[in-house]
1. Is there a residue being within 9 Å of another protein chain (Cβ to nearest Cβ), without any contact (Cβ under 8 Å) to a residue 24 or more places away in the chain, on the phi < 0 side of the Ramachandran plot and not basic (K, R) anywhere in the range B:70-93?
2. Looking only at the range A:73-81, decide whether some residue is more than 21 Å from the chain's Cα centre (by Cα), of a type in the set (V, I, T) and more than 22 Å from A:S114 (Cα to Cα).
3. Identify, please: which residue in the range B:6-33 is within 10 Å of chain A (Cβ to nearest Cβ) and not β-branched (V, I, T) and is, among those, nearest to B:N331 (Cα to Cα)?
4. Among the helices (runs of 4 or more DSSP H) confined wholly to the range B:261-352, which include 3 or more residues that are surrounded by 21 or more Cβ atoms within 10 Å (Cβ to Cβ), touching a residue at least 12 places away in the same chain (Cβ under 8 Å) and not aromatic (F, W, Y)?
5. For the subset of the range A:268-290 comprising residues that are among the small types (G, A, S) and in contact (Cβ under 8 Å) with a residue 12 or more places away in the chain, which member is surrounded by the most Cβ atoms within 10 Å (Cβ to Cβ)?
6. Condition first: within 26 Å of A:L468 (Cβ to Cβ), more than 14 Å from every other protein chain (Cβ to nearest Cβ) and without any contact (Cβ under 8 Å) to a residue 24 or more places away in the chain. Now tell me which residues in the range A:354-399 satisfy that.
7. Scan the range A:95-115 for residues that are within 25 Å of A:S308 (Cβ to Cβ) and more than 18 Å from the chain's Cα centre (by Cα) and jot them down.
8. I'd like to know if the range A:165-173 contains one or more residues that are assigned to a helix (DSSP H, G or I) and either over 17 Å from the mean Cα position of the chain (by Cα) or buried (at least 24 other Cβ atoms within 10 Å of the Cβ) (or both).
Amino acid sequence: MNRRMVLYTVGTAVKIEAALLLLPAACALIYKENSLKAILISAAICLAAGFALTLVSRPGNKVIYAREGFITVALAWIALSAFGALPFYISGEIPSYIDAFFETVSGFTTTGSSILTDIEAMSKGLLFWRSFTHWIGGMGVLVFIMAVIPSLSDRNMHLLRAEVPGPIVGKLVPRIRHTARILYIIYVVMTVIEIILLIIGRMPVFEAVVHAFGTAGTGGFGVKSDSIAGYSPYLQWVITVFMLLFGINFNLYYLLLIRRFKSVFKSSELWVYFGIVASSTAAITANIAASYESFSTAFRASAFQVVSIITTTGYATTDFDRWPVFSKMILLTLMFVGACAGSTGGGFKIARIIILAKTVKRELKKLLHPRSVSALKFEGKALSESTVSSVSSYLSIYVFLFFAVLVLLCFESFDLETNISAVAACFNNIGPGFGAVGPTLSFAEYSPFAKLLLSLAMLLGRLEIYPLFIALSPSTWTKK
Amino acid sequence: MNIIIAGCGKIGTAVISALVSEGHNVTAMDKSLGVIDELTNIYDIMGVCGNCADCETLEEAMIGSCDIFVAATGTDEVNMLSCYIARSMGAKHTVARIRDPEYNDRSLSFMSQTLELSMALNPELLLAQDLHNLIKIPSAFKVEYFSKRNLEMIEVRLKSDSDLVGKKLSRIRGKEKEEFLIGAVLRGDNLYIPDGNFELQAGDLICIFASPADMQKLLKSLNMLKKAVKDVMIIGGSKTAFYLSKILATTGTNVKIVEKDRAVCEKLSESLPHTTIIHGDGSHHDTLMEEGLNSIDAFVALTGIDEENILTSLFAEEFNVPRVVAKINNNELTKMAEKLGLGGVISTKSVTADILTRYARAVENSMGSNIETLYKFMDGKAEALEFRVNADSEVVGTPIKDLKISRGILIAGIIKPGNKASIVTGNDIIEAGDKVIVLASGKRLSDLDDILR
């Protein structure tokens, strides 16, 4: 294994983090806050650590294989979270390092689960950093590095594949660097449009930026303890629409840009995504309409919540923990569905569900006609058998890990609903769950062990299990 | 530049590898998903799986913004068709691999015109031409020509008994009366552009530039030229063997082809009346001896199996055949064969990749292609380029010794219009309309002005 190249890339990622910390530092400077010092010290530590790593590991051979790709991505994310927690810890605003780590992992993985009980007491610089981690983590740190640093390695495809979620990861244009750039340009432009629309709706600039970051990364960190509930219907609708947009595969936006409208409208994943959102919204609206003063309020609340959960953002405009069981069950189901592949959202991904459904259909047909041969097609293309089987095995490992984490979490003194929804919310990168971890409460009550466990679950969910699994398995590190 | 390579077999892959390292945006197209997966893992390219003559597949590869479309599948007709479609869908230049001898006669120019092909590639023919050059100068590894054979470049490995070993270049040049230039020396993995004080050692791979007449005399006086080749034996009746026999027949050389397949033998004998066709197994000891392995001047192994080519060539070297060349497609095997002491190794892939590299650079320059020829040599570590000089070039009018030339660049020769080539001296002046041969290592030149600091 090319350990030097792995460490070198991780070191580069940490250096980039030092640069990224300058943005919250600027924010703290504008608001003249004490957190500035803590942020700058953290940036200095990142820079020193990054240089140390890149200096000891200056690679001679830049060739990497799939294995190095997985391990690099896993280690980079762990390192970024560990260093990213420093500002919270050094400033003393989150006194426990484990709490700060949980909060940062939750940020980078775009989960949005929080251990903060009083968000409004935090300084603006740190709130900015907390939401900015969503934005960075949404599109991926290594994708960012690929976009800005020329020729890290000749085989960056392995990194892209390990970091970008979805069963099939393709490039938009021949060069990986250009692909990464196009993705980030689309991402930045959409974020800026959302910020402008929010400011037009009279949201203060700082809050507009923070909420746009939370929406773009499909994260869910806000600045208010009641999340989005206090804002005007216009602002809630803007956030709903943008959550929905950031849950769509970014490749489709590129196709729109190069005017291939036909391929966009033929995308089955897009239509299934819209279909699920529309039908879930209709079902929940009907279910909760009676308890709201007007139909439009009920519709707005249910649309916002459905989109927020399916895109794995996790914003709330209402305490959905008090909704009827039927509505809650729909939301819990949506937690597992997740957004489209190649978007910033988490979860199991709609693309995988479609492929699984087609596989099941084919198996049924095989029972009736044992000699039948049928190719599986997705987005107009035949799927290779290896993709089909990788989706099935992803389901198995996904279910297995979900229950493993859940069993371990049940050492805690919470009821089953809380624990199930907590694991579902972390594993699928959503944020709030039900019961004691509902939208108005936080994860603060869990023990440090449970917080570390849930941090691991969040990383597993964001990186789609395999990278972390490979990095943590001993056989990767022993020489054969 | 955006380049699409359709058909990713041996040739296609070699072309992709060369063009990616040139920094182009390459899209690979192949029918097999496995091939595409493998290639996109290794190279920074985009892969499209599908039939390259299908307009939907071409559209997916964004044919509209494609600068060069190369069709290199194994079927000539598919290549022609897909180039035609690609051209009408907006590809700026199209290159088709057309290797069947039936198409490679007078009909080729007609077809190229009708299909609006920018270039027809025939790797087997190119290989045959290279082989012919190699056979003519038996001690050389590689022989290349510039400016319609006005200037020759050869690559020679110095053996320990060579007269050149242990001598400084200034002395060698003073002693011989012919005009020549030792442009580059490859020692181990290091490439040197030598000056007068450089001392040659046994085992060095050197490249010599000279005009063809001077080259003959030089090689003779250095005892590197053996007697003229009269009898050539070729193992394997491939297309390359066909083209090579045809070229050799025009120079009055006796050619003998040994081929296993009876049907192939019959077909060859129809189209090659002056060549002796033997139906037999070229890897059989007895067959080779019966056909006089110990009395031929050159032995060329051209079967489709690398290992067989290597073994029979080594066997032929045991019998002191003056010139032995083996075709090896697998690069890893090439390295092993050279370790075993096999002198002449040649592959179809590198010939084709060189040509497309040159073509892509010329298209990129697009000022009516400054680059006339481009060769990679010295194990791919150096390039020799021939430029046509434009009037607005910065090098025009200054004596060469006063030009500020970057490190790793050497001006090897100047060809004045209507004159024969001359090796450069410091007082020469480059003028518009001249052709200049430049040797470059570690720098990618696409225009003559790039040689300046």
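1. Within the range B:70-93 (the criterion being within 9 Å of another protein chain (Cβ to nearest Cβ), without any contact (Cβ under 8 Å) to a residue 24 or more places away in the chain, on the phi < 0 side of the Ramachandran plot and not basic (K, R)), the answer is no, since none of the residues qualifies.
2. no
3. Per the criteria, the residue is B:S21.
4. Passing ranges, in order: B:306-318.
5. A:S280
6. Matches in the range A:354-399: A:S389, A:S393, A:S396, A:V399.
7. Correct list: A:D99 only.
8. No, the range A:165-173 contains no residue that is assigned to a helix (DSSP H, G or I) and either over 17 Å from the mean Cα position of the chain (by Cα) or buried (at least 24 other Cβ atoms within 10 Å of the Cβ) (or both).
The values are calculated or read from the model by the stated rules, or taken from the named source; none is laboratory data. Note that the structure is predicted; figures quoted are calculated from it, not measured. When we count neighbours, we look across all protein chains shown, and the Cβ atoms used for this are built from the backbone with ideal geometry, even at glycine.
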